[in-house]
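Read through the structure below, which is laid out as structure tokens, and then see the notes.
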Amino acid sequence: MKIKSGLGYDIHRLVDGRKLFLGGIEIPFAKGLLGHSDGDCLIHAIVDALLGALGEKDIGHHFPETDSQYKDIRSAELLKVVVQRLEKNSTKIAHIDSLVIAEEPRLAAHIPRMKETLCAILRIGPEDLGIKARTNEGLDAVGHGEAIAAWATVLLEIP
């Protein structure tokens with residue numbers, strides 16, 4: 001068995017007129033993330049980490065914004081496609097760790113529901129998924145409340 005790691009990152013602008021989706025759940029907030037899909041940067045970072053561990057191209061290559069079938073799609077649906085690819089190759093997720101960076105909204109109270117939602121999609125236990133939230137201390141676009149960013153690392157067991 002081989003162990004492979006992957007790293008993912010994503011950032012999206014916060015805009016009026018959109019719902020906020022993070023970690024596969026809707027979070028009540030005055031703004032949402034701008035994107036071709038629902039803009040869920042946490043899921044996008046996880047998808048990129050999984051694809052990277054497989055040695056594949058990034059999320060934009062697999063789910064291009066030029067393809068209308070992905071317009072406003074829930075990012076959880078994209079994650080399900082990647083999980084199916086892992087299962088087809090008998091690849092097991094050993095662990096995922098992630099970090100969401102946002103000034104607002106405060107995310108700590110939403111993390112248990114994000115974790116429950118993502119673990120069900122990823123088919124892993126809660127001990128195999130870390131989700132943390134931080135602010136950017138008022139620095140850059142994230143710190144000014146103009147965007148939300150996320151990082152994710154993954155370890156895969158490949159037969």
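In this calculation the C-beta distance from Glu146 to Gln84 is compared with R0 = 25 Å, giving a FRET efficiency of 0.10.
When you restrict to C-alpha pairs under 8 Å that are six or more residues apart and normalise by the size of region 52-159, the relative contact order lands at 36 percent.
Of the GluC sites (Glu not before Pro) found in region 37-93, those in coil by DSSP whose Cβ has at most 13 other Cβ atoms within 10 Å are Glu65. The helix-based estimate of mean residue ellipticity at 222 nm for the chain, built from -39,500 (n - 2.57) per DSSP H run of four or more residues and divided by its residue count, is -8500 deg cm²/dmol to the nearest 500. Couplings 3J(HN,Hα) for region 138-154, derived from phi with the Karplus relation 6.51 cos²θ - 1.76 cosθ + 1.60 (θ = phi - 60°), are x, 9, 6, 4, 5, x, 8, x, 9, 7, 10, 10, 8, 10, 8, 10, 9 Hz, where x marks Gly and Pro.
Rounded to the nearest 10 degrees, what's the angle between the helix 41-53 long axis and the longest principal axis of the chain, both from Cα atoms, 0 to 90? Result, in degrees: 30. Relative to the longest principal axis of the C-alpha atoms of the chain, give the angle of the C-alpha long axis of helix 111-122, reported between 0 and 90° and rounded to the nearest 10°. With both axes taken from Cα atoms, the answer is about 30 degrees. Among the listed pairs Lys19/Lys115; Lys19/Lys92; Lys19/Lys88; Lys31/Lys71; Lys2/Lys57, a Cα-Cα separation exceeding 30 Å is found for Lys19/Lys92; Lys19/Lys88.
With the Cα gyration tensor of region 15-67 giving a ≥ b ≥ c as the square roots of its eigenvalues, does the rule (a/c under 1.5 for rounded; else a/b larger than b/c for prolate; else oblate) give rounded, prolate or oblate? Oblate, since a/c reaches 1.5 and b/c is not below a/b.
R0 = 35 Å: FRET efficiency of Glu157 with Leu34, Cβ-based, nearest 0.05?
0.45
The Cα atoms of region 1-124 cover 46, 34, 20 Å along the three principal axes, with the biggest extent listed first.
Net length available on complete extension from Arg13 to Ile73 is 19.9 nm, with 0.36 nm assigned per residue and the Cα-Cα distance removed.
FYI, it's all coordinate maths here, none of it is from the lab. Worth saying up front: this structure is predicted, and the values here are computed from it rather than measured. Methodologically, a virtual Cβ is constructed for each residue, glycine included, from the backbone with ideal geometry; neighbour enumeration extends over all protein chains shown.
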